[in-house]
Amino acid sequence: MLESYVRKKLSRLFTGESEIELKDRIPSFEELNRKFQDIDELGLYLHIPFCEQICPYCPYNKEIYNPDLAKRYTIAVKKEIDFYSNIVGNKPITSFYIGGGTPTTMLYSGIEDMLEHIFDSFNMQCEIHIESHPNHLSSDNLNTITSMGVKNLSIGVEALQDRHLSTLKRPYTTEEVKKIVNRVVNKNFKCVNVDFIFALPTQTYNEVEQAGQILAEMGVDQVAAYPLFRFPYTKMESNGVESIFNLSTILKRRKMLGILENIFYDADYDRTSVWAFTKKGIPKYCSVTVPLYIGLGASGGSYLNDIFYLNTFNAAEYIKALENGGTAIALSIDLSENMQMAGWLYWRIYETKFKKMDFKKRFGKDFDSEYGKYLKPLALPGFLKDDGEQIVLSDRGTYWLHAFEDLFSIDYISTLWGTSKQEPWPEKVVL
Ligand SMILES: C[S@@+](CC[C@H](N)C(=O)[O-])C[C@H]1O[C@@H](n2cnc3c(N)ncnc32)[C@H](O)[C@@H]1O
Ligand code: SF4
């Protein structure tokens, strides 16, 4: 009750709206064509909604892999690529990310075909970033992945103690996953990212320290260390969800993240986002890096300046929609300028540093006039440094400002993804 009241008030302050409503208004080909005309470069996201198992904590859009569905999914994604290549033409695609689910479930069963079609249809001016499951990273599969042109690979390691792997129901032991990571590190990728989850039930500070040290010693290029987020619609949380206002959880996470910060800074890594540490001199591994992007596949989201829209989450419905010659867009929202600016600021805080000039370039407005009154007072307690041109968040500021953002994001994601998972074509979703 109190949470929802605070959220509405703050939302109104930053976006001008106390509620954000996505509706089943589907933009037409002509409307999208007009929107693309003003865009110089784009990012591309491809969602693979298949996994070999469903992990009890996972909020992402996925279902159990099925070879027949994967075959039809490949054909549907290729139809969606054709739809967009007619609109995008020769505009450069400068960032490309394949996420899931588990993209590597589709090795030898469609992913190569989809990639070929993407590179034939778009003006691709970027490298491939792809997520993978440790159990898919045999030497043969790694050779296939590199031969597909992948330069940046992420591995969902999640924990490095058997008891925590068992809580998360991950299908490998610590020793096995360490061998897999070593194999990948020796494979000459530009950036190898390892995903790691901390603040697990009964996890101790010593265990976090031990796992962090192992990761740094293994020489991975980047570690994305997330606290265990709790989503009410996942199996792990079906017995009741901890409030995001729970101060002891917030403080425990902060202390654990502090332990990881010390380890990675000592080992020559820089912070590259709230949760990621990247070795100095290595380009960071992250999702689509340009502001405007197209999302392909079930649950793919697209953002084109003043509109955000989302495909249906249901893989079978996604396939059917494209087989019938339509698009798979299920929900859209027209974004006011205030909403676009609030979204821009959300992601810059996530990245922990930004130039005010970039705000001016994007919106033609002075950053300080819009947000100075909120951010300036945060310099005093040491949450950030403002040299007039650039804002850089301190470790403390990064954590607390993001914890504040989580007041919105976790709830928004839970509502939007939870509803979209249950209803393939919702009439509307109110956040
Ligand atoms: C799509 S999955 C990664 C690839 C692959 N499916 C796997 O599980 O190995 C993306 C990452 O999100 C993180 N993640 C998933 N659920 C999470 C949760 N509830 N809290 C924190 N991180 C989570 C995990 O670190 C996971 O590796
Ligand atoms: S964590 Fe990875 S493997 Fe597990 S359900 Fe989520 S996407 Fe699939």
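The values are calculated or read from the model by the stated rules, or taken from the named source; none is laboratory data. Predicted, not measured: the structure shown is a model, and the values here were computed from it. Here the Cβ positions follow ideal geometry from the backbone for every residue, glycine too, while neighbour counts run over all protein chains shown. We work out accessible area using only protein heavy atoms, side chains counted, and drop any ligands, DNA or RNA first. Shrake-Rupley method; radii C 1.70, N 1.55, O 1.52, S 1.80 Å.
Cβ-Cβ contacts under 7 Å between residues 6 or more apart (or on different chains), taken from a first residue in the stretch 48-65 that is in contact (Cβ under 8 Å) with a residue 12 or more places away in the chain and among the basic types (Lys, Arg) to a second residue that is within 9 Å of ligand 1 (Cβ to nearest atom) and open to solvent by less than 30 Å² (accessible area, probe 1.4 Å), are listed as Lys62/Cys51; Lys62/Gly100; Lys62/Gly101.
Considered as a group, the residues in the stretch 202-255 that are at pLDDT 85 or above and among the small types (Gly, Ala, Ser) include one that is nearest to ligand 2 (Cβ to nearest atom), and that residue is Ala224. Among the residues of the stretch 295-350, what is the count of those that are in contact (Cβ under 8 Å) with a residue 60 or more places away in the chain, part of a loop (DSSP other than H, G, I, E, B) and crowded, with 18+ Cβ neighbours inside 10 Å? Total satisfying the criteria: 10. For Leu228, indicate whether it is touching a residue at least 12 places away in the same chain (Cβ under 8 Å), away from ligand 1 (no atom under 13 Å from the Cβ) and open to solvent by less than 50 Å² (accessible area, probe 1.4 Å). Taking the combined requirement at face value, the residue does not satisfy it.
With respect to being under 18 Å from Ile20 (Cβ atoms) and open to solvent by 20 Å² or more (accessible area, probe 1.4 Å), Trp417 fits the description. Entry remark, the stretch 47-93: residues being away from ligand 1 (no atom under 16 Å from the Cβ), over 14 Å from Ala315 (Cβ atoms), open to solvent by 40 Å² or more (accessible area, probe 1.4 Å) and assigned to a loop (DSSP other than H, G, I, E, B) number 2 in total. Within the stretch 161-198, track down each residue that is free of Cβ contacts under 8 Å to residues at least 60 places away in the same chain and assigned to a loop (DSSP other than H, G, I, E, B). Selection gives Gln161, Tyr172, Thr173, Asn186, Lys187, Asn188, Phe189.
Would you check which residues across the stretch 201-215 are surrounded by fewer than 21 Cβ atoms within 10 Å (Cβ to Cβ) and either part of a loop (DSSP other than H, G, I, E, B) or within 23 Å of the chain's Cα centre (by Cα) (or both) and list them? Of everything in the stretch 201-215, those that are surrounded by fewer than 21 Cβ atoms within 10 Å (Cβ to Cβ) and either part of a loop (DSSP other than H, G, I, E, B) or within 23 Å of the chain's Cα centre (by Cα) (or both) turn out to be Pro201, Thr202, Gln203, Thr204. Scan the stretch 351-368 for residues that are more than 20 Å from the chain's Cα centre (by Cα), of a type outside the set (Lys, Arg) and part of a helix (DSSP H, G or I) and the total you get is 6. Among the residues of the stretch 133-140, is there at least one that is within 16 Å of ligand 2 (Cβ to nearest atom) and open to solvent by 50 Å² or more (accessible area, probe 1.4 Å)? Taking every residue of the stretch 133-140 in turn, at least one turns out to be within 16 Å of ligand 2 (Cβ to nearest atom) and open to solvent by 50 Å² or more (accessible area, probe 1.4 Å). Selection of the stretch 376-408 for residues being aliphatic (A, V, I, L, M), within 22 Å of Pro291 (Cα to Cα) and out of contact with any helix residue (DSSP H, G or I) (no Cβ under 6 Å at 6 or more places or on another chain) yields Ile391, Val392, Leu393.
Scanning the stretch 324-345 for residues that are in contact with a Ser or Thr (Cβ under 7 Å, 6 or more places away or on another chain) and at pLDDT 95 or above yields Ala328, Ala330. For beta carbons closer than 9 Å, sequence separation of 6+ or different chains, a first residue in the stretch 131-147 that is free of Cβ contacts under 8 Å to residues at least 24 places away in the same chain and a second that is within 16 Å of ligand 2 (Cβ to nearest atom), the qualifying pairs are Ser138/Ile180. In the condition set (1) within 14 Å of ligand 1 (Cβ to nearest atom); (2) over 23 Å from the mean Cα position of the chain (by Cα); (3) among the aromatic types (Phe, Trp, Tyr); (4) open to solvent by 20 Å² or more (accessible area, probe 1.4 Å), Tyr172 is compliant with all but (4).
Out of Phe36, Phe96, Phe119, one residue alone is more than 16 Å from ligand 2 (Cβ to nearest atom), buried (at least 22 other Cβ atoms within 10 Å of the Cβ) and at negative phi. It is Phe96.
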